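So the structure is just underneath, and the comments pick up after that.
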Amino acid sequence: MYKALEHYRSFLETGPIVVAGDFNNHVQWDKPDKPGNHINTVDQLGNLELVSAYHHARSVLPGGETEHTLLWGKLKFHIDYCFIPKDWQSRLESVNVGPEADWKGISDHLPLIIDLAVEAPASQTPVPACP
């Protein structure tokens, strides 16, 4: 992810973006002086004016997650993320992790479900109500 953010930086700076998915990384695996550390990736996303929806909604720092998104037998980790523009924080309505019972056997990941209030573009003409 760290290298992808560097490679696509000019594209990512062009407008509102959401970066979401399986990052295969967590601060607990960070090693001294490793450029691809998770915290460095979070910093790069912050430089793009993006925030983690989960961490914002739960008021926790990376590493302080109380819910996991990856199941490896008895091992459980939080490695799936959704970064949204800082300007959208006020539109964040809910952040949930799919229930383990619903997803066990279907995937080794639990979905991260982000609900945002939709804002109509300023140039869009309102649709008239039906009579």
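Where a number appears in this text, it was derived from the coordinates with a stated rule and is not lab data. Owing to the predicted nature of the structure, the values given are computational and were not obtained by experimental measurement. Quick reminder, even Gly has a Cβ in these numbers, built from the backbone with ideal geometry, and neighbours come from all protein chains shown.
Positive contributions from Lys and Arg (+1) and negative ones from Asp and Glu (-1), summed over other residues with Cβ under 12 Å from the Cβ of residue 88, come out at -3. Taking Lys and Arg as +1 and Asp and Glu as -1, the other residues whose beta-carbon sits under 10 Å from that of residue 68 total -3. For the stretch 46-57, backbone phi angles converted through the Karplus equation (6.51, -1.76, 1.60; θ = phi - 60°) give residue-by-residue couplings of x, 5, 8, 6, 10, 10, 6, 4, 4, 5, 5, 5 Hz, Gly and Pro being listed as x. Put a dot 7 Å past the Cα of residue 14, heading toward its Cβ, do the same for residue 86, and the two dots end up 2.3 nm apart. Rounded to the nearest 0.05, the FRET efficiency derived from the C-beta distance between residue 28 and residue 115 at R0 = 25 Å is 0.35.
Here each label is just a point 7 Å from Cα along the line to Cβ, and for residue 72 and residue 4 those points are 1.9 nm apart. Less than 14 Å Cβ to Cβ from residue 108, Lys/Arg counted +1 and Asp/Glu -1: what total charge do the surrounding residues give? Local charge sum for residue 108: -1. I want to verify the translational diffusion coefficient of the stretch 2-116 in µm²/s; compute it with Stokes-Einstein, Rh as the Kirkwood radius over Cα pairs, at 4 °C and 1.567 mPa s. Estimated via Stokes-Einstein, D reaches 87 µm²/s. Between the amide H of residue 97 and those of 113, distances stay under 5 Å, these residues lying 5 or more places away or on another chain, with hydrogens modeled in the peptide plane.
If you count Lys pairs in the stretch 2-116 whose Cα atoms are under 24 Å apart, skipping same-chain pairs closer than 8 places in sequence, the total is 8.
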